[in-house]
Amino acid sequence: MAYLTALCVVCWLIAVATGLIPFAIAAIAFGSVEALRSGFITIKNRRVDINILMLLAGAGAVAIARYHDAATLLMLFSLSATLEAFALGKTEKGIEALIKLRPKTAERVENGEVRTVPVESLQIGDVVRVHAYSQIPADGTIIEGSTTIDESAMTGESIPVSRQSGDHVLTGTQNLEGSITMSVTAAAEESSLDRVIALVKEARENKATGERISAWFGQTYTIAVVCAALLSYAIRYAIDPSDPSEAFYKSLVLLVALSPCALVISTPSAVLSGLAFASRRGILVRGGAALESAGKIKAVALDKTGTLTQGQFRLRAIVVECQRDDCEYELIEWHDGEVMPKEIEQALAIAASVEDRSTHPLARAIVQAASALQMPDADNVTVVSGLGLVGFVNGTEVRIGRLAFVAQDKGEAPAIRDAMDRIRREGLTPVAMSFDGKVAAFGLSDEPREAAKGMVESLREIGIERIAVLTGDTEAAAKPVADAVGIQEVRAALMPGEKKQILDEIKRDTGPVMMLGDGVNDAPALATADLGVAMGGLGSDVAIRSADAVLVQDRLDRIPLLIRLGRATARIVRQNIVISIGSIAMLTAFSFIGILPLGLAVLGHEGTTVLVILNGLRLLGGPSWFRG
């Protein structure tokens, strides 16, 4: 296409300089190839678009021997199409670059021997060796060695990060230093890289309002333009039948003047550039509609655990309520740094055996604390949404989660309730457990993320009117975290359905709301919000389905950037639409007056198209130029 355009431009320049018709015809031939190809596909699909308009205008100019005008029209149209393909092709190249990140083979360790196998054959649990300067072949956890990983292709973070035993690594990132051994945690088709590719491809199908309007102009409005040109010819011929050639020529000018090429490309050029910028910064946005929503956000709601906090809990206290034979109750307590009594060890081992089936950060902390203990086997473990887990250990039912859920057959259980109240007052997150006629309480702590306060300040600077914490944790545990990051509004002890109700309330009172959560237990809230953003959600199918955007890495500073990008995109789209409609109106007015030659109409039409494309491409550099 680019070569044909170059030949068309050269022939056109010679034709203009010499006035020789053969060069004008050559320019017409080279310039019409792409239009003919696109027009054939359009007609085959029983549609009408701008390619048909340009072919009609070019054919009409040739029919009345206006060869230089036809050459100018098709040269500018071909040049504009080439620039458009170059601009919008950047997202396609982005997908191709992502696909190239995945290595074709991996070194799998089997019975002490290393075998080179196709990446597609890797399964969860396989042990893989990755040498220095090699790409990570699958999502996994390092089990031996330490290194530095270049994650820029996946997260947008230019500075390499240190990774050691126990750390998670992503497909397509590059090992920069020593050899490491890793355990595969996701099959090839379920890797983070494949999820990124799927999201980017889906983004192109999820169109913003402006893109849907542009699509309408590309079909319905195009038919109206053809009808208007035919009506113009009929009226002009009826007024002056002595010169049908002039009437036909002026109708061609009107057809070109009304052509919506610039209007059709005005939104996609901006939206796709914005999406490309976001993906390079580790923000995967699910299409133009989500980017459009980001620009309208007035309020932000945030989950606490794993979002405002690091999500890496540590077990700090355990209280076990034991019943004596004389029906009295005794509390046995343990705090971090003390030696564990046998009753505490027993409770912790049982809790860990059930929680080992969960991926929740609180569960992970309990399992980690019990790593040195002998854990019994847990059977028939099930999740009760919003309440906790139920399982069986040695044939006895074990419940772990909220106190009302686990102690429902223990009456008031006043002693353990008092213990949990003390845990809350200490700023710890409480978890209750009932087992073998006993009740226990676990107190865990989680620290705010370092970037959380900066994110809140940035959100206020860009005019976000309301910021709230929505958490299933207690207010006593949530309030200190909210205070530390500068958030006054805290809604605590919420069930998933209650988060949805509060989001509806925020929408009514403030306006469009963004929900930022961990992508699993916040799925209903993410789906309810005007814009749902999943933190670190690439490992979760729930996050992919529920969120409108996913942060590849837990970078809170990307949230204000996403909102600013949405606003900048909306502003560019508005500018492009005004430019496009203004150009159509001006060219149409001049064509009615009769002072607009076909060449100038084409120049104005295609020049406007190039202008809106270049204006949209500014977003490839992000919203840094745009304040507000």
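Criterion first (exposed (fewer than 15 other Cβ atoms within 10 Å of the Cβ), out of contact with any strand residue (DSSP E or B) (no Cβ under 7 Å at 6 or more places or on another chain) and of a type in the set (Asp, Glu)) does residue 436 satisfy it?
No: the conditions fail for residue 436.
With respect to residue 375, is the statement that it is assigned to a strand (DSSP E or B), at pLDDT 85 or above and surrounded by 15 or more Cβ atoms within 10 Å (Cβ to Cβ) true?
So residue 375 does not fit the description; no.
Report, ordered by the first and then the second residue, all pairs with beta carbons closer than 7 Å, sequence separation of six or more or different chains, a first member in region 146-171 that is at pLDDT below 80, and a second member that is basic (Lys, Arg).
Pairs that qualify, where the first residue is at pLDDT below 80 and the partner is basic (Lys, Arg), are 156/280; 156/281.
Modelled with pLDDT under 80, part of a helix (DSSP H, G or I) and hydroxyl-bearing (Ser, Thr, Tyr): is that true of residue 267 in this structure?
no
Please go through region 168-183 and give me each residue that is assigned to a strand (DSSP E or B) and on the phi > 0 side of the Ramachandran plot, ordered by number.
Result: no residue meets the conditions.
It is to be established whether one or more residues within region 58-69 are among the β-branched types (Val, Ile, Thr), crowded, with 22+ Cβ neighbours inside 10 Å and either in a helix (DSSP H, G or I) or within 41 Å of the chain's Cα centre (by Cα) (or both).
no
Quick one: would you say residue 464 is part of a loop (DSSP other than H, G, I, E, B) and surrounded by 15 or more Cβ atoms within 10 Å (Cβ to Cβ)?
Spelling it out, residue 464 is indeed part of a loop (DSSP other than H, G, I, E, B) and surrounded by 15 or more Cβ atoms within 10 Å (Cβ to Cβ).
Each row is one residue, and each column tells you yes or no for (1) small (Gly, Ala, Ser); (2) loosely packed, with under 14 Cβ neighbours inside 10 Å.
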position	(1), (2)
588	no, no
591	yes, no
595	no, yes
604	yes, no
616	yes, no
621	yes, yes
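Could you please let me know if residue 398 is under 22 Å from residue 340 (Cα atoms), among the aliphatic types (A, V, I, L, M) and not in a strand (DSSP E or B)?
Judged against the criteria, residue 398 is not a match.
Take the residues in region 79-123 that are β-branched (Val, Ile, Thr) and modelled with pLDDT under 65; name whichever of them is surrounded by the fewest Cβ atoms within 10 Å (Cβ to Cβ).
99
Tell me yes or no: at least one residue of region 1-18 is at pLDDT below 75, surrounded by fewer than 17 Cβ atoms within 10 Å (Cβ to Cβ) and of a type outside the set (Asp, Glu).
Within region 1-18 (the criterion being at pLDDT below 75, surrounded by fewer than 17 Cβ atoms within 10 Å (Cβ to Cβ) and of a type outside the set (Asp, Glu)), the answer is yes, since at least one residue qualifies.
Just name the residue that is nearest to residue 227 (Cα to Cα) out of those in region 20-57 that are assigned to a loop (DSSP other than H, G, I, E, B) and without any contact (Cβ under 8 Å) to a residue 12 or more places away in the chain.
My answer is 46.
Condition check ((1) in contact with an Asp or Glu (Cβ under 7 Å, 6 or more places away or on another chain); (2) closer than 30 Å to residue 564 by Cα; (3) outside the structural domain of residue 403 (by TED's automatic domain parsing); (4) aliphatic (A, V, I, L, M)) across all residues:
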| residue | (1), (2), (3), (4) |
| --- | --- |
| 418 | no, no, no, no |
| 425 | no, no, no, no |
| 432 | no, no, no, yes |
| 435 | no, no, no, no |
| 454 | yes, yes, yes, no |
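Could you please find all residues in region 267-292 being surrounded by fewer than 24 Cβ atoms within 10 Å (Cβ to Cβ), within 15 Å of residue 572 (Cα to Cα) and of a type in the set (S, T, N, Q)?
Scanning region 267-292 gives no hits.
Considering only region 327-334, I want to know if a residue exists there that is surrounded by fewer than 16 Cβ atoms within 10 Å (Cβ to Cβ), acidic (Asp, Glu) and touching a residue at least 60 places away in the same chain (Cβ under 8 Å).
yes
For residue 316, only one of the following conditions fails: (1) part of a strand (DSSP E or B); (2) touching a helix residue (DSSP H, G or I) at 6+ places or on another chain (Cβ under 6 Å); (3) modelled with pLDDT of 85 or more. What is its number?
For residue 316, the exception is condition (2).
Looking at (1) in a helix (DSSP H, G or I); (2) closer than 24 Å to residue 363 by Cβ, which is the only condition residue 483 fails?
Here residue 483 meets the rest and fails (2).
What are the pairs, 6+ residues apart or on separate chains, where a residue within region 271-282 that is among the acidic types (Asp, Glu) has its Cβ under 8 Å from a residue that is surrounded by fewer than 24 Cβ atoms within 10 Å (Cβ to Cβ) and outside any helix (DSSP H, G or I)?
none
Out of curiosity, is residue 458 among the hydroxyl-bearing types (Ser, Thr, Tyr), out of contact with any His (no Cβ under 8 Å at 6 or more places or on another chain) and either modelled with pLDDT of 90 or more or within 16 Å of residue 301 (Cα to Cα) (or both)?
Here the answer is yes, as residue 458 does meet what is asked.
Going residue by residue through region 358-366, is there one that turns out to be more than 25 Å from residue 554 (Cα to Cα), touching a residue at least 12 places away in the same chain (Cβ under 8 Å) and assigned by TED's automatic domain parsing to the domain that holds residue 424?
no
For region 389-404, how many residues are aromatic (Phe, Trp, Tyr) and within 36 Å of the chain's Cα centre (by Cα)?
Within region 389-404, residues that are aromatic (Phe, Trp, Tyr) and within 36 Å of the chain's Cα centre (by Cα) number 0.
What are the residues in region 579-628 that are charged (D, E, K, R) and without any contact (Cβ under 8 Å) to a residue 24 or more places away in the chain, if any?
627
Restricting to region 349-372, what's the tally of residues that are touching an Asp or Glu at 6+ places or on another chain (Cβ under 7 Å) and at pLDDT 90 or above?
Qualifying residue count, region 349-372: 3.
Condition first: touching a residue at least 24 places away in the same chain (Cβ under 8 Å), farther than 23 Å from residue 568 by Cβ and out of contact with any helix residue (DSSP H, G or I) (no Cβ under 8 Å at 6 or more places or on another chain). Can you find one or more residues in region 479-496 that meet it?
yes
The values are calculated or read from the model by the stated rules, or taken from the named source; none is laboratory data. What you see is a predicted model; the values in this text were computed from it and never measured. So basically every Cβ, Gly included, is an ideal-geometry build from the backbone, and we count neighbours across all protein chains shown.
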